[in-house]
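Participant: Take a look at the following structure, please.
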Amino acid sequence: MSDSPLLAIHGAVAGDAPDNAVAAHYGAITAEQRRLVAGGTFVDLSHRDVVTISGPDRLTWLHSLTTQFLENLAPAVPTEVLLLSPQGRIEHGFSGIDDGETFWAHTEPGAGAALVEFLDRMKFFMQVDVQLVTDEWAVIGLPGLTWRIVPRVSLPELPAELGDPVGLWAWEALRIEAGMVRIGLDTDDKTIPNEVGLLGVAVHLDKGCYRGQETVARVHTLGRPPRRLVRLLLDGSVDHLPPHGADVTLDGVRVGFVGTAARHHELGPIALAMVKRNVDVGATLLADGVAAAQEVLVDPEAGLHVRPVLS
């Protein structure tokens, strides 16, 4: 994917991989976050891959493959969707919306081709057509961490319609504050949905069989997923953010890894991290050597509280 045309705006600074095709900021990092909270702006997310699934069988077919209840999805209702391995590990994740004729999905930069390849292998005799359309369509973020898919050629015209854009760093700070994971960054190849708070968000708990359901259901019923997502409140006196994949340690022992990190306009430096379930929730951790307090996003006992009380 080529760089976004919005990188030509005065003051634009490109992000780091995998976000290097869009602006991290336009020169006013804290003010941009406040503008995104207040509204009247947008975020360039055009580096994300866009996939279309069309055809009369698209929703029943996606319903059968994924973790989400899509069979009767109404038009214009956004949804979050996962595709799991037979062992229940997250292989693909995407956000989507149906317009009555086509299901529009967007996923992480560079992840679209693998998603299309997987879906194509699963078509069999279903009347569906799957296309990677990132060259023609682009994602933008809107206040409230919502999104829209627009024609790519319209990107240069959006500031006149929606207001001057803010950088991806503003979006990331609010996303991390909200505990929303990026698949492949805040997760790894062993992550199951129970560990990152996606039950009821991207996993419908009352639908029929899908690949990986047995693991999800078992962990949900028995509780205690192997790991848990936490939000880290990082020591603000340190001048760097821990990079993606950096070790999270406790008393010199590795207990997890950092997913994504950002500087929040009110909370200071924050990050999402995956840690072992049995790590004391009150313990101060080190993330790439930076002291970090934990905020619980996934309860260590997740699942146990739904058990019926037996007499």
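The values are calculated or read from the model by the stated rules, or taken from the named source; none is laboratory data. The structure displayed is predicted, hence computed values, not measured ones. Note that each Cβ is placed from the backbone with ideal geometry, even for glycine, and that neighbours are counted across all protein chains shown. Only protein heavy atoms, including side chains, enter the accessible area calculation; ligands, DNA and RNA are left aside. Shrake-Rupley method; radii C 1.70, N 1.55, O 1.52, S 1.80 Å.
Participant: Could you please let me know if L73 is of a type in the set (A, V, I, L, M) and over 20 Å from G184 (Cβ atoms)?
Facilitator: yes
Participant: Would you point out the residue of the stretch 267-309, among those that are over 23 Å from D16 (Cα atoms) and of a type in the set (D, E), that is modelled with the lowest pLDDT?
Facilitator: Only one residue tops the list, namely E301.
Participant: If you don't mind, there's one more thing I want to ask. What residue, among those in the stretch 222-260 that are within 18 Å of G184 (Cβ to Cβ) and touching a residue at least 60 places away in the same chain (Cβ under 8 Å), is surrounded by the most Cβ atoms within 10 Å (Cβ to Cβ)?
Facilitator: By that ranking, first place goes to G259.
Participant: Then there is this: Quick check on my filter: what residues within the stretch 46-58 are in contact with a Phe, Trp or Tyr (Cβ under 7 Å, 6 or more places away or on another chain) and not in a strand (DSSP E or B)?
Facilitator: R58
Participant: Quick check on the stretch 26-63: of everything there that is under 27 Å from P5 (Cα atoms), of a type in the set (S, T, Y) and out of contact with any Ser or Thr (no Cβ under 6 Å at 6 or more places or on another chain), which residue is surrounded by the fewest Cβ atoms within 10 Å (Cβ to Cβ)?
Facilitator: Filtering the stretch 26-63 for residues that are under 27 Å from P5 (Cα atoms), of a type in the set (S, T, Y) and out of contact with any Ser or Thr (no Cβ under 6 Å at 6 or more places or on another chain), the one surrounded by the fewest Cβ atoms within 10 Å (Cβ to Cβ) comes out as T30.
Participant: Further, regarding this structure: Could you tell me which numbered condition L70 fails, if it satisfies all but one of (1) outside any strand (DSSP E or B); (2) out of contact with any Lys or Arg (no Cβ under 9 Å at 6 or more places or on another chain)?
Facilitator: (2)
Participant: I've got another one for you. Quick check on R218: is it farther than 22 Å from V13 by Cβ, open to solvent by 20 Å² or more (accessible area, probe 1.4 Å), in a helix (DSSP H, G or I) and not acidic (D, E)?
Facilitator: yes
Participant: May I ask you to list the residues in the stretch 1-25 that are modelled with pLDDT of 95 or more, surrounded by fewer than 19 Cβ atoms within 10 Å (Cβ to Cβ) and among the polar types (S, T, N, Q)?
Facilitator: Result: N20, single match.
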